[in-house]
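Right, one structure below, let's go through it.
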Amino acid sequence: MKQVMFYCRSGFEKECAGEIQDKATQLEVFGFPRLKNNTGYVLFECYQEGDADRLIREIKFNELIFARQMFAVATEVSDLPKDDRISPILEALVDVEGMPCCGDIRIETPDTNEAKELLKFCRKFTVPMRQALRGKEMLTARDSNRIPVLHVCFIAPGHCYIGYSYTNNNSQFFMGIPRLKFPADAPSRSTLKLEEAFHVFIPRDEWDTRLASGMWGVDLGACPGGWTYQLVKRSMFVHAIDNGMMAQSLMDTGQVKHHMVDGFKFEPQRKNVTWLICDMVEKPARVAHLMGEWLIKGWAKEALFNLKLPMKGRYDEVLQDIENLKDFLKKNGFQYKLQAKHLYHDREEITVHIQAISNISPH
Ligand SMILES: C[S@@+](CC[C@H](N)C(=O)[O-])C[C@H]1O[C@@H](n2cnc3c(N)ncnc32)[C@H](O)[C@@H]1O
């Protein structure tokens, strides 16, 4: 297998491709990305047989910013007849050397505006396709999350790429997108961005300890309170920093202290803050530096923040800001774990999470 499929936000194919090319080169896997603007995916073509599997094992999925999912492509099938799409897919798959037996199936489509209709078809197609694959023992009889996931990615009703990803190195979400419901009582839609970040960056089995009730958070650029809402909902207390108005419903909980001051100047009185969250619309380099300052001073244990992307050179800019921040933390002897992702709810920004390493449990 020589091709790897990556999903990304439509319009960010160039950034996704640039990032994959860098990672592949670092691994000495040679090839080139194929992309078309606004398709929501990038195909990386390796020159050498077998390198697709190497890439999906060795590129650390968590370290990719712009890719929402990655899988090795076993085969591409086009001109599928409307009355029987299953037989040609099975036939094509049977011949592929190295295609593993999978424990789950996702019938997906890249996330574009035009894909809505296709998605309905994907949903309907899942049950018969699953049964057929089980019949050929290409899928286990029962779902298993210990062995690879089989992906069928339709880019048109009669045209799909089929392949697999490893469960320890992929996105656990269908199409790489956590499905979240907007909470009716939240003050702004951007609440979903922070909720998504928790799903992507914090393992579910650590939520009880890392997003625990009674913790304190600081929300820089908090108004009207969508991010604060996520902490309040988890029974935390929040210093909300912004000159604007906070939603009264949040103030009424008694869990929020609103400070009408500059987020770049605020200093917590007590050093009991676990979470620093920041959604200020500001120059990314300035925000990144501020986050670094908070962490090295020990004012917070975990930071979650947005970096706004510039109009041009979006990949280079974020890469530079993140590298500068890493250098700054390193120079100050700060041990950390950093993840950055262009989340589904992000548009012209990415979301970064940093955890102080002394905070990480040994398990
Ligand atoms: C995108 S909005 C935040 C939305 C918020 N996260 C939510 O979910 O409702 C950005 C906010 O940052 C605030 N802001 C921008 N610069 C700031 C600064 N220097 N200090 C404090 N707040 C700032 C703005 O007033 C604005 O309310």
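The values are calculated or read from the model by the stated rules, or taken from the named source; none is laboratory data. Quick caveat: nothing in here was measured; it's all calculated off a predicted structure. Cβ atoms come from the backbone with ideal geometry, glycine included; neighbour counts cover every protein chain shown. Side chains included, ligands, DNA and RNA excluded: accessible areas come from the protein's heavy atoms. Shrake-Rupley method; radii C 1.70, N 1.55, O 1.52, S 1.80 Å.
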Filter segment 304-333 down to residues that are in a loop (DSSP other than H, G, I, E, B), surrounded by fewer than 18 Cβ atoms within 10 Å (Cβ to Cβ) and on the phi < 0 side of the Ramachandran plot and give me whichever is farthest from the chain's Cα centre (by Cα).
N332
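Only residues that are within 14 Å of the ligand (Cβ to nearest atom) and either without any contact (Cβ under 8 Å) to a residue 60 or more places away in the chain or part of a helix (DSSP H, G or I) (or both): list them for segment 190-214, please. Spell out how you get there, then give the answer.
Pass one, segment 190-214, residues within 14 Å of the ligand (Cβ to nearest atom): 190-198.
Passing the criteria: T191, L192, K193, L194, E195, E196, A197, F198.
How about segment 28-133: which strands (runs of 3 or more DSSP E) wholly inside it have at least 2 residues that are open to solvent by 50 Å² or more (accessible area, probe 1.4 Å) and in contact with an Asp or Glu (Cβ under 9 Å, 6 or more places away or on another chain)?
Details: elements: 31-35, 41-46, 69-77, 104-108.
Per the criteria, 31-35.
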Residues of segment 1-27 satisfying the condition of being part of a strand (DSSP E or B) and touching a His at 6+ places or on another chain (Cβ under 9 Å):
M5
Quick count over segment 208-222, residues being open to solvent by 40 Å² or more (accessible area, probe 1.4 Å) and over 13 Å from N272 (Cβ atoms), is 3
State whether the residues of segment 254-272 include one that is away from the ligand (no atom under 11 Å from the Cβ), of a type in the set (K, R) and farther than 20 Å from Y336 by Cα.
yes
Select from segment 220-242 the residues that are within 12 Å of the ligand (Cβ to nearest atom) and assigned to a strand (DSSP E or B) and list them in ascending order.
L220, V238, H239, A240, I241
Examine segment 275-283 for a residue that is away from the ligand (no atom under 13 Å from the Cβ) and surrounded by fewer than 20 Cβ atoms within 10 Å (Cβ to Cβ), and state whether such a residue exists.
no
